[in-house]
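Here is the structure we will look at.
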Amino acid sequence: MADTGLLEALLRLLEKVDGGIDSQDVAADLGVDHQLIVGAVKSLQALGEVISAEQKSSKRWELTGEGREIAEQGSHEARVFNAIPDEGLPQNELMKMPSGKVGFSKAMSNKWIRLDKAHEGGPRVFKTVETIEDTVRDKLQLVQKGLSAKLEDKEKNELKKRKLLSEVTVKSYWITKGSSFSTTITKQETELTPEMIASGSWKEKKFKPYNFEAMGVAPDCGHLHPLMKVRTQFRQIFLEMGFTEMPTNNFIESSFWNFDSLFQPQQHPARDQHDTFFISDPALAHEFPQDYLERVKQVHSEGGYGSQGYKYDWKIEEAQKNLLRTHTTAVSARMLYKLAQQKFTPVKYFSIDRVFRNETLDATHLAEFHQIEGVVADYGLTLGNLMGILHQFFTKLGLKKWVEVGNSGVFRPEMLLPMGLPEGVSVIAWGLSLERPTMIKYGINNIRELVGHKVNLQMVYDSPICRLDS
Amino acid sequence: MPTVSVKRDLLFEALGQKYTDEEFDELCFEFGLELDEITSEKEILIREQGDEKAEGASDVVLYKIDVPANRYDLLCLEGLVRGLQVFKEKLEAPRYKRVSPADGGEPQRLVITEETASVRPHAVAAVLRNITFTQERYESFIELQEKLHQNICRKRTLVAIGTHDLDTISGPFTYTAKPPGEIRFKPLNQSKEYTATELMSLYKTDSHLRHYLHIIENEPLYPIIYDSNGIVLSMPPIINGDHSKISLNTKNIFIECTATDLTKAKTTLDMVVTMFSEYCEEPFTVEGAEVVYPDGRLCVYPELAYRTETLSGDFINKRVGINESAESIAQLLTRMCLRSEVSGEGDLIQVEIPPTRADVIHACDIMEDAAIAYGFNNIVRSTPRTYTIANQLPLNKLTELLRQDLAAAGFTEALTFALCSEEDIADKLRKNIAETRAVHISNPKTTEFQVARTCLLPGLLKTLAANRKMPLPLKLFEISDVVLKDETKDIGARNNRRLCAVYYNKSPGFEVIHGLLDRVMQLLDVKPGRNQGYHIQAAEDSTFFPGRCAEIFSCGKSIGHLGVLHPDVISRFELTMPCSAIDIDIEPFL
């Protein structure tokens, strides 16, 4: 807050004028530095509608240091002229004067003085005229008085060339009276304090207005990852639909559960080194439900359960190979097998967890992603049921074009019957990736901006809550 | 899903009808296919190689149609047209017939020798008589073989097809295997003879053939087929001989398929002959060929086997969720090339599966075809009446609850990869890889996928490194699975759910991480204390700065560590500030 005296002096000046005043003029009037006036204007502005001030900038001619000296003491040539007595002055003495050199040549070209080189005792300078008119000084004094407008541009430029004048940009405020103009100052409070509440003094105080345009201070908090927020919502949807969560905390799986149990033949391209990560240590799974394994072998190699089978030489060695599961359906297979070992009760299962593919990586494919899977097992399920439940699921997601993001189907009898599930039981299932709908939802084009260690934490900090259906 | 590309005008000519793109798209959908793209050779070239290369290329309109992976009968124009015409009931599905040589002559014979057993033991063969090629038919014939090679033949590993101008060779043919140095012939489209060894190096740089060399490259004996005069028909699965190559003028074709999987070889041969016998003088007939096995067995191919399945209309109705008469279902199936009749007993339907439909191996496949013909969009959607109570997996429920409160405690959740390099979990953490119990991947394409992570810390440190420009302090956490070898499990490994958090700032902030431990324990309702509670005690761990590491015990059991990271660990993860970390197993709190 600037000095109250200055503020009130400014306000008194403003009171006298009809329109407004320029802060530069105020500075000149009060004889203080302009910066102090600027400070005063800002303080007054902060008080509310006491004054209004508009910033403006103008160009102005100003004397340089040398210019001010000349305005005061006369031009160099005038000083040289005045220093010469009627009997003249030796040139070397004249040259010793501060203005000697410049003044001598200017006075010479003005023909105010002459040089007698042949004078006895060395060259000597004499006046040639009685009186002179110091126009340079006069012009500079005009500028000093703020009357630079009286000079022609040519004159000003000449003085500029002599480094006596300079043109400067002046920032100033045009100050006018505000709606609650007054010449006295009431100090405004910034914040309400406990003391004010206790004493009731807040009733008399004026409070400094808030700037509602500014952003608030960000709260000091942690943030959940956006993909995990979407995962939470998918879990919620499944739970709302009565689906029980499967234990998918086993990234390593045997080829048997990942492929063979699903009636996927051993020559299937998905089982290629190019598509699946195989494990070198521990390379092989060593324990299988033996009678079930025999039934799987049979249905692949010879058929059965009403199937022709694939009619190839099924090898246990291929089934034993450990891998990083390529889909969570491996877990669904384990769960359905387990279900088949008990008295059958209908189930609805879901899972959302990581799966792994040894694929070529691009903007939408990583070597690992999250798979969402839903499974329903019951007697008499139809394709109409599958389509009905998919419709309900994707309606909850708020996604219209669900065909694009997922896969669905009915598990084959060659998969279910060897597990020991009853003949009439059908199992419908669907799956999709967690990343794909999240990217569509949040308009992210590159999956690397969403998952992995290279994500920008700012994105995590800034991501909104996830409401899939809105 | 294979994509078949056909010329639009040829397709419409064969279908005897013109369609708009939208109409054809609709037809594809009804038939269970997808019109993937409408383009031209020129457009494809412009897209792939730029305007210049495309100059002069054909701008004939091409339809690219996605075909289900096991529908080998739809991989060429002939098959597509036949399928669609039958579907639209404009054509009755043809009956494919194997015939004996016309003039009562001996059938062609292919003799397999025992040397093939070690490399490619199976072979089947057939003859197409008096075929008439046009340029388009010829191209389609070559294209179908390529499509089969890429799909059912699994890039020629399971089956390789060779087609020959029968009039240039004379049987009986011998399928044998020889050392590559002893094989010498002029291969297709070459001007001179090469030994097999020379051929393998010649094709090393061939953009097409080099992909198949690995199939036999390291075998001591290479498969080879000769005619009775010692002329080489082919060296499967790499290349045919030049001598017997087919042309537009070829009238009689000898087809052989060699294989490691006999079932697939029979299917492949059936596909080739059923598709192209259409152009024989007597359409849809195929002349059988004899194959003699090393043990003297004699088989005649192609099998062209028809099979009949009997199922009830009720079965279809119940599985699809419709209510159609048996007659109507039989009609639906007949439109899918599965000729069906109501047998007269109840609602039983006799369904005949032709040799072209090798994909139909179970009644459920028939049910699916009925659903396609009925129209998926015509099936009424209904909610399953399955009543169940949902349960969360306790481990995931705990994880979800803890995540919320860790964020509330001021830590931000990271999501890092489960796969990483050996270096990440060992060297960079100043640990020995042998002691990590890590699961190793045998076929990683890059070092990023060498192992499954054994701890969450490297992922968090890499996240810090990628976000060094963010304002300090950085406080991160992750609750997720690591993978450890475990002999007691059927597959020899198990997941372990861990909680890891890091504090990265100008000062190590051990007290912050320690405070987080106290908060987590409070959330888990475990009190400080030696016996029933939790406590920490000084420990040495090479990842941490000496004297700045403690082991965490809960109910007397070690559950993890916390401390200030070793400066070398910080530098190895390209970080510059002190960092403290906590890593605990949350499974004991279930």
Roughly how crowded by other chains is peptide B:360-370, in terms of the mean Cβ count from those chains within 10 Å of each of its Cβ atoms?
4
Under 17 Å from the Cα of A:Lys311 - lysines, other chains or at least 8 residues apart:
A:Lys297, B:Lys264, B:Lys266
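Leaving out ligands and nucleic acids, note down the accessible area per residue over the stretch B:282-388 with a 1.4 angstrom probe, in whole Å². Display every interim value, and only then the final one.
Numbers: 4740 Å² over 107 residues.
With all protein chains present, the stretch B:282-388 gives 44 Å² per residue.
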Of the options A:Gln371, A:Thr244, A:Ala330, report the single residue whose Cα projects farthest towards the positive end of the charge dipole of chain A (beta-carbon charges: Lys, Arg +1; Asp, Glu -1).
A:Gln371
Coil-residue GluC sites (Glu not before Pro) of the stretch B:423-520, DSSP, other Cβ within 10 Å capped at 15:
B:Glu487
Sorted by packing (mean other beta-carbon atoms within 10 Å per residue), highest first, where do B:53-59, B:169-175, A:315-321 land?
B:169-175, A:315-321, B:53-59
Please tell me the relative contact order of chain A in percent, rounded to the nearest whole number, where contacts are Cα pairs under 8 Å and at least six residues apart.
14 percent
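If you roll a 1.4 angstrom probe over the protein chains with everything in place, what fraction of the accessible area of the protein assembly as shown belongs to carbon and sulfur, to the nearest %?
On the way: 24110 of 49420 Å².
Of all accessible area on the protein assembly as shown, carbon and sulfur atoms account for 49 percent.
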Count the net charge of all other residues whose Cβ sits under 13 Å from the Cβ of B:Met521, scoring Lys and Arg as +1 and Asp and Glu as -1.
-1
Taking a straight Cα-to-Cα line shorter than 22 Å from A:Lys348, and setting aside same-chain lysines fewer than 8 residues away, one finds A:Lys338, A:Lys396, B:Lys318, B:Lys397
Hz values of 3J(HN,Hα) by residue in the stretch B:395-410 - Karplus curve (6.51, -1.76, 1.60), Gly and Pro given as x
5, 6, 5, 4, 4, 4, 5, 5, 4, 4, 6, 5, 5, 5, 7, x
Shielding of B:485-496 by other chains, given as the mean Cβ count within 10 Å, works out to 6
The value for the stretch A:324-470 (convex hull of the alpha-carbon atoms, volume per residue, Å³) is 133 Å³
Quick one: which bits of the stretch A:300-338 get at least 50 Å² less accessible when the partner protein chains are in, versus the chain alone, with a 1.4 Å probe?
A:Gln308
Interface area, B with A, accessible, probe 1.4 Å, both sides summed, Å² nearest 100
7200 Å²
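Please tell me the relative contact order of the stretch B:311-443 in percent, rounded to the nearest whole number, where contacts are Cα pairs under 8 Å and at least six residues apart. Write down the numbers at each step before the final one.
Working: 99 pairs, mean separation 22.3, N = 133.
Relative contact order for the stretch B:311-443 comes out at 17 percent.
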Enter the accessible area per residue of the stretch B:1-114 (Å², integer; probe 1.4 Å; all protein chains in place).
55 Å²
Taking 7 Å along the Cα-to-C-beta vector as the label spot, tell me the B:Leu188-B:Arg519 distance in nanometres, rounded to one decimal.
6.9 nm
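For B:Asp103 and B:Arg47, what is the calculated FRET efficiency with R₀ set at 51 Å and r taken between the beta-carbons, to the nearest 0.05? Walk me through the intermediate numbers first.
On the way: r = 53 Å, r/R0 = 1.03.
That gives a FRET efficiency of 0.45.
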Cα centroid of the stretch B:369-424 to Cα centroid of the stretch A:352-402, whole Å:
9 Å
Mind jotting down the three principal axis lengths of chain A based on Cα atoms? Whole angstrom, largest first.
140, 73, 37
Using modelled backbone amide H atoms (1.01 Å from N, in-plane), which distant-in-sequence or interchain residues come within less than 5 Å of A:Thr326's amide H?
A:Phe356
Show log10 I(q)/I(0) for the protein assembly as shown at q = 0.08, 0.10 Å⁻¹, two decimals, from a solvent-free Debye sum over equal Cα scatterers.
-0.96, -1.30
Treating only the Cα positions of the stretch A:148-215 as identical point scatterers, give the base-10 log of I(q)/I(0) from the Debye formula at each q in 0.12, 0.18, 0.26 Å⁻¹.
-0.64, -0.90, -1.16
Filtered hits (aspartates and glutamates, Cα-Cα < 12 Å from A:Lys16, offset >= 8 within chain) -> none
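Restricting attention to the stretch B:52-104, which chymotrypsin sites (Phe, Trp or Tyr not before Pro) occupy a DSSP loop and are surrounded by at most 14 other Cβ atoms within 10 Å? Don't jump to the answer; show the numbers that get you there.
Numbers: sites: B:Tyr63, B:Tyr72, B:Phe87, B:Tyr96; in loops: B:Tyr96.
Filter output for the stretch B:52-104: empty list.
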Spelling it out for B:Asp36: with amide H atoms placed in the peptide plane at 1.01 Å from N, the residues 5 or more places away or on another chain with amide H under 5 Å from its amide H are B:Lys64, B:Ile65, B:Asp66
Paramagnetic label zone (point 7 Å from Cα along Cα-to-C-beta, A:Gln290; backbone N under 19 Å) in the stretch A:405-425
A:419-420
Using a probe radius of 1.4 Å on heavy atoms only, what accessible surface per residue do you get for the stretch A:1-145? Whole Å² is fine.
57 Å²
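What do you get for chymotrypsin sites (Phe, Trp or Tyr not before Pro) in the stretch A:329-395 restricted to DSSP loop and a cutoff of at most 16 other Cβ within 10 Å of the site's Cβ? It would help to have the intermediate numbers written out before the result.
On the way: sites: A:Tyr337, A:Phe344, A:Tyr349, A:Phe350, A:Phe356, A:Phe369, A:Tyr379, A:Phe393, A:Phe394; in loops: A:Phe344.
Passing sites in the stretch A:329-395 are A:Phe344.
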Of the cross-linked pairs B:Lys147/B:Lys485; A:Lys42/A:Lys160; A:Lys56/A:Lys160; B:Lys204/B:Lys245; A:Lys177/A:Lys205; B:Lys462/B:Lys527, which ones have a Cα-Cα span greater than 31 Å in the structure shown?
B:Lys147/B:Lys485; A:Lys42/A:Lys160; B:Lys462/B:Lys527
Averaged over its residues, how many other protein chain Cβ atoms are within 10 Å of peptide A:256-264's Cβ atoms?
1
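Using a 10 Å cut-off on Cβ atoms, rank the peptides A:445-456, A:322-333 from the highest mean neighbour count down.
In descending order of packing, they fall as A:322-333, A:445-456.
One quarter of the convex hull surface, Cα atoms only: what value does that give for the stretch B:41-116 in nm²?
Working: hull surface 45.8 nm².
Result: 11.5 nm².
Quickly estimate the mean residue ellipticity at 222 nm for chain A, helices only: each DSSP H run with n ≥ 4 gives -39500 (n - 2.57), and the total goes over all residues, rounded to 500. Before the final figure, lay out each step's value.
Numbers: 19 runs with 176 residues, N = 470.
Taken over chain A, the calculation gives -10500 deg cm²/dmol.
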Could you give the Stokes-Einstein D for the stretch B:78-165 in µm² per second, using the C-alpha Kirkwood radius, 10 °C, 1.306 mPa s?
97 µm²/s
Could you sort the residues of the stretch A:403-441 by number and keep only those whose accessible area is reduced by 20 Å² or more in the all-protein-chain setting relative to the chain alone, 1.4 Å probe?
A:Arg412, A:Pro413, A:Ser426
Where Lys and Arg each count +1 and Asp and Glu each count -1, what net charge lies around B:Gly509 among other residues with Cβ under 15 Å from its Cβ?
+1
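What relative contact order, as a whole-number percentage, does chain B give when Cα pairs under 8 Å and 6 or more residues apart are counted?
On the way: 1127 pairs, mean separation 64.0, N = 590.
Over chain B, the number comes to 11 percent.
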5 Å is the cut-off here: which amide hydrogens, built 1.01 Å from N in the peptide plane, fall below it relative to B:Ile559, excluding neighbours closer than 5 in sequence?
B:Ile552, B:Phe553, B:Ser554
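The values are calculated or read from the model by the stated rules, or taken from the named source; none is laboratory data. The structure presented is a predicted model; accordingly, all values stated were derived computationally and were not measured. Glycine gets a Cβ as well: all are built from the backbone with ideal geometry, and neighbour counts include every protein chain shown. Surface areas here come from the heavy atoms of the whole protein model, side chains and all, with no ligands, DNA or RNA. Shrake-Rupley method; radii C 1.70, N 1.55, O 1.52, S 1.80 Å.
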